[in-house]
Number of protein chains: 2
Amino acid sequence: MPDPRPSPLPSSLSATALPFIPAPAAHLPGAGAVAGPHAGPHAGPGDGHAREGAAAAGRPSPAVELILRGPSGLGTAGLHLARREEPPAPEVPGTPAADGAPAADKAGETGEAGEAGNPIPGLYHHPVAEPDPVRTEEVSRRIKAWALDEVELYPEEWEDQFDGFSVGRYMVACHPDAPTVEHLMIATRLMVAENAVDDCYCEDHGGSPVGLGGRLLLAHTALDALHTTQEYEPAWARSLHADAPRRAYRSAMEYLVQGAGPSQADRFRHDMARLHMGYLAEAAWAQTDYVPEVWEYLAMRQFNNFRPCPTLTDTVGGYELPADLHARPDMQRVIALAGNATTLVNDLYSYTKELASPGRHLNLPVVIAEREGLSEREAYLKAVEVHNDLMHRFEAEAAAVAADCPVPSVLRFLRGVAVWVDGNHYWHQTNTYRYSLPDFW
Amino acid sequence: MPDPRPSPLPSSLSATALPFIPAPAAHLPGAGAVAGPHAGPHAGPGDGHAREGAAAAGRPSPAVELILRGPSGLGTAGLHLARREEPPAPEVPGTPAADGAPAADKAGETGEAGEAGNPIPGLYHHPVAEPDPVRTEEVSRRIKAWALDEVELYPEEWEDQFDGFSVGRYMVACHPDAPTVEHLMIATRLMVAENAVDDCYCEDHGGSPVGLGGRLLLAHTALDALHTTQEYEPAWARSLHADAPRRAYRSAMEYLVQGAGPSQADRFRHDMARLHMGYLAEAAWAQTDYVPEVWEYLAMRQFNNFRPCPTLTDTVGGYELPADLHARPDMQRVIALAGNATTLVNDLYSYTKELASPGRHLNLPVVIAEREGLSEREAYLKAVEVHNDLMHRFEAEAAAVAADCPVPSVLRFLRGVAVWVDGNHYWHQTNTYRYSLPDFW
């Protein structure tokens, strides 16, 4: 799992954009999405398909129109983002305005990180509305109570670090359509649990590639239960309380199962099996000191990926994308492309942090530099283009699915995934506590 | 994946039994299922639940009655096993008879493996009908053509070994209700591909735990495609032809996708992710020289498991268990229990072979002996009891699902899984080319 912990900084973005499809003036370049001069929607390698995709997304196709306008009729009210009962947060002066001008250009011009962080110049993204502060506070309160009282996630001295995670703000930004705070808590607990497993088993807090396959499998049984004999089941059940990662997985999964349909829970298990396979590929390469080819890295990163998070969007939204619609090959492709784009956001924002860490930490710019003989700067800028290409493909393919299958749950799910992608970018951008941009512009 | 390659020996079992539920005279002890004196349906540790289960399976409950009688009405003809157009194979003289007497007892008495192999004394199992010889021959012919001409699976000098695999007989035994040979081929190609990956990446033919996570992930993309940019997609696509395991996965998956619904293909991907996680846990323990606790071993074995095979039963049968019914927690439990029982069959039949191999090969008897301080014989006999307990649980829980959700696709799927379990046992039993029983009786 990417490791996306931000500082609890105030957000400045009050611009709103409809997710994954350009704003109503979609045929006007630059409207709705934000990208700097280095890689607009029509730039980047391998751009033939991407251009078609971007072009398709830019045309006001029937599907796009449908989503923009929104379906009407019985039961479609839930397709619109939840209305806020609180007034919107005031716009912070001196930050990128909601005037449709490319925010990335302004950031690139100043060359300095603003209070809330600047987006990566040239990174194609959509600004999001400020996360609801009342919800953020309540989710933050509840997740801390869960971590401390229900799963004993961390010792007292780590409290500041947990607060700095600011996962409440993250999840509120990614799930603006959650009907209740309790729906948001489903995603928030899982995000915290996933980070605990990553930290304690794989990375920062005692993790290691050695023996990781055994640890991850046993932790995975907290999500995908062991079914065995009466003699051996109790020892397994006790093991789920043996360490913080497993306590967190077990409890967070229990809440998910209560709030999700069986197919939604099964989908999550599958996504988590993918995630664990991704961890194990990365660990294998670390153990054998192997630098993968770029496509190999991208394949690993499709598994070690945010995917389990955006695919919760319907559960957190209080509805269900039917299993057969989720399994459609075109929907699977949309989900994979969204997950890949959003995961590369993590690679790009965490680049300087990972360079400063001991050892070689694989990320897309590092792999491109090594495998394609490019300078660090050239490799980083190429990685931005790869991200942008994936974003355009995601948007084009999502529009195609919407056109082909314009049922309410599909449209809302596609919108939910896109909102998640945008919220995730916003959160990385504003995470100046952990991340700073390289000096490449 | 368990490694179940048999010799192409003739089968001797002409007794037929309805899968997973006792034969019509179910209330008579010993009818329908076969077990020796060491561990009957009512023996074994942790037997409280198992006894209930066995008792429940033994009582002619409404659900059991329903399955025995079979539903009637439009569209239910497919619930019955395919009728043979060929006459049944003649019974082989001198082999366990279809007289309802415990075959295991006879095997135990002689102390010798018959031509077709004896069942493990005391192992609870159901004899199966002789696999259709005409279909077996045709599947064997086609799978060899596929291996040689379509995926270049092995060099010419391995032809005998491939023939000895006898995978056609295996799959015909496990899928007697397949409407056509082409349906059988879906399962057969996947079984061959899974064995190729296991052999070449994990075990006998050049496999190793070192770096396995990277190899398995890249192979997994042959099942669960990479979605990336136009620049990097071609290198990935080429990689799927780079070695026999990937060629086999890619082609076998392509056929599956053509013959299955999207949810069935997605289910298979999930099962394969589980399988690969299981391989990686086993590899991690091998690398760190760790002998797991018994429950840990059983957890690993729930992943490194036959599960991807029985859950194909509806695809091979030409129908679909709807995704929401497949995802039901009680159905997931039934599938896991069936997979676990049938995987332990592999541990038990391959015990002496694995003991004779270089290094320590983990299997349930070895782990029980090491962790519980039992003799090899005691540990083996206890492992038989663990298997029997899982079988009883599987049967009891399957009957409960059938009672709770007696729709045709559920009943046929449950029956199909049970038939797979029985066919798998039959195939291990008759595999005297690879397996021989220890001298513990």
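Taken together, the values in this text are just the output of simple stated rules run on the coordinates, not laboratory data. The model shown is predicted, which means the values in this text are computed figures rather than measured ones. Virtual Cβ from ideal backbone geometry, glycine too; neighbours counted across all protein chains shown.
Taking each residue of B:272-280 in turn, how many C-beta atoms of other protein chains fall within 10 Å of its C-beta, and what is the average?
6
For B:388-401, what's the mean count of beta carbons from other chains sitting within 10 Å of each residue's beta carbon?
Details: counts 1, 5, 3, 0, 1, 4, 1, 0, 0, 1, 0, 0, 0, 0.
For this peptide, the per-residue mean of nearby foreign Cβ atoms is 1.
Output the peptides A:273-281, B:307-315 sorted from most to least packed, where packing is the average of other Cβ atoms within 10 Å over each peptide's residues.
On the way: A:273-281: 27.2, B:307-315: 25.0.
Descending mean neighbour count gives A:273-281, B:307-315.
Once phi is turned into θ = phi - 60°, what whole-Hz ³J(HN,Hα) does the Karplus curve with 6.51, -1.76 and 1.60 give for every residue of region A:404-414, x standing for Gly and Pro?
Computed from phi, the couplings for region A:404-414 are 7, 9, x, 8, x, 5, 5, 5, 5, 5, 4 Hz.
For region A:432-440, just list the computed ³J(HN,Hα) in residue order, Karplus coefficients 6.51, -1.76 and 1.60, θ = phi - 60°, integers in Hz, with x standing in for Gly and Pro.
6, 5, 9, 10, 9, 7, x, 9, 10
Ranked highest first by average number of other Cβ atoms within 10 Å, how do A:121-131, B:321-331 line up? Walk me through the intermediate numbers first.
Values: A:121-131: 24.8, B:321-331: 19.2.
Going by the mean number of other Cβ atoms within 10 Å, highest first, we get A:121-131, B:321-331.
Within a 10 angstrom radius of the beta carbon, how do A:Ile143, A:Ile120 rank from fewest other beta carbons to most?
Values: A:Ile143 22, A:Ile120 32.
The most exposed by this proxy come first: A:Ile143, A:Ile120.
If you take each beta carbon of peptide B:207-220 and count the beta carbons of other chains within 10 angstrom, what is the mean?
For peptide B:207-220, the averaged partner shielding equals 6.
Ordered shortest first, which distances in nm separate the 7 Å Cα→C-beta label point of A:Pro155 from those of the other copies?
5.7
Could you derive backbone 3J(HN,Hα) for region A:367-379 from the dihedral phi with the Karplus parameters 6.51, -1.76 and 1.60 (θ = phi - 60°), listing whole Hz in sequence and x where the residue is Gly or Pro?
So the J values, rounded to whole Hz, are 5, 4, 4, 5, 7, 10, x, 9, 5, 4, 5, 4, 5.
Inter-copy label distances at A:Ser357, 7 Å along the Cα→beta-carbon direction, one decimal in nm, shortest first?
Inter-copy label distances (nm, one decimal, shortest first): 3.5.
Which order do peptides B:221-231, A:293-303 fall in by mean Cβ count within 10 Å, highest first?
Values: B:221-231: 22.5, A:293-303: 24.4.
Output ranking for B:221-231, A:293-303: A:293-303, B:221-231.
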